[in-house]
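All remarks here apply to the structure that follows.
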Amino acid sequence: MKTKTKKILTILLLLAIASSVTIFALVTMQSPVRQAITQSELDDLIAASGGTRLTTNPGPDESPVWSPDGTKIFFETRPDVGSGRYSSECYIAVMNADGSDVTRLANGTNPVLHSGKVYFEYYDPVYTELLVTEVMDLDGGNKKKLLSLNERTHPFQAISPDRTKVCYCTYYGTGSYLVWWKNGTVTKEKGDWNIDGAKYNDAWQSREIHMAGPETHSDIWVMNLDESNKVKLASGIESSNCPPRPEWSPDGKKIFFLNPVISPETRIENIDIWVMDANGGNKKQLTDRPGYDAGPEFSPDGTKITYLSENQDNFDIWMMNPDGSGKERLTESPGADAGFEWNPDGRRVAYISRSSNGYLYKTEHDFEDKSEIWVMDIDGSDKELLLSIPYPYGVIGGIEWSPDGSKMVFGFHPNYGNDDIYVLDVPAASAIAGVVSE
């Protein structure tokens, strides 16, 4: 299953990798700017660009997705910041498109909508290594367990377009357990492996983070949703810093995945996008630029793929044909472009641009660093800024167009408070190709 939260997590991991930091998961840290803006001031700033805050829950709200008719928004919610995304206190909820009538539907995370159903996942509360996928009606009724993955499984499953198969990754090796790193010192907290050789960056010495060790590998599998006909498609993929993250092509005939190449000196050297047949045959490398290529996403008609490519420590959006030909660079940013999303008719692409990728590492920030939402034509022309927020206030999360292309829903992660969900009106001219920027 693919969600905006997973996509943003991938970008954060890649940004961390690009700075030679071996990160498994980021924990909450003290922001260098506290209370830089009040909640009401932030809401007013977003409202000036046509945005509205939808959630006011004391805990994080994220991963918003639209209902097929655009009248509802499904999302995941937690009662407080201390609740984990895979804990028993993470819920799938639904609200009206204006934020009213919030209703919890089930325990779980990563909601995905397909053919009038909601797919979601959770870890079994008794057997905590058991990753469970369930499906339910849009009103929360008729819940049904689809599959349970009781191996060491990356939470990046991909269900086939016809909803009959699942592609997933298992992992193995010495780098699969977490350790603590506090005040520049690595101390073993969990697991039984030797942490020698783990990389770190001096910029993190005053931080407390989780980090993963070296030498983790993954296998890619496919099986029916009734857990029959399990087949290994690929094996031994290096995944110490980035899992393969398989994705199906719209016609279900191909599977795309990430294949990192590890350097013993730098721990990670290159990530490329590969493709193979749905039965594991005809593996082909699609990208070969130095750096990291990731996050492939198909156009609505399936004829183009947008993806992220690193260029001298920043990330830009590129486009190519499904066979890897016809590569075009769509953005040129001094920081990181990420969180891109095709509009429903396939004529425009919205994306999040961060004017500096240094906010992950710097201890001081200024208002020159921005987190912004832009739209552009699919050839990279006619770019238009829809929303700009100074970084000290926080960063914009994943974005998703409404079914009619008139709105975008997005998450916002403030530096001083709680994650919330906002909706942004898209000017009619911005939703169609050919708009002229100011």
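Obtain the nm distance between the two label points defined at residue 172 and residue 235 by a simple spin-label model: each point lies 7 Å from its Cα along the Cα-to-C-beta direction.
Using points 7 Å along Cα→Cβ, the separation is 0.8 nm.
With labels modelled as points extended 7 Å from the Cα through the Cβ direction, what inter-label distance (nm, one decimal) is found for residue 89 paired with residue 142?
Here the modelled spin labels are 3.4 nm apart.
Taking R0 as 22 Å, what's the FRET efficiency between residue 113 and residue 226 from their Cβ-Cβ distance, rounded to 0.05?
Details: r = 22 Å, r/R0 = 0.99.
Rounded to the nearest 0.05, the efficiency is 0.50.
How far is the Cα center of segment 88-112 from the Cα center of segment 314-337, in Å?
34 Å
Residues with amide H under 5 Å of residue 331's amide H, sequence separation 5 or more or different chain, H placed in the peptide plane at 1.01 Å from N; which?
Amide H neighbours of residue 331: 317.
Bear in mind that the values in this text are calculations on the coordinates, not laboratory data. Because the structure is a prediction, the values reported are computed rather than measured. Neighbour counts run over all protein chains shown; Cβ positions are idealised from the backbone, glycine included.
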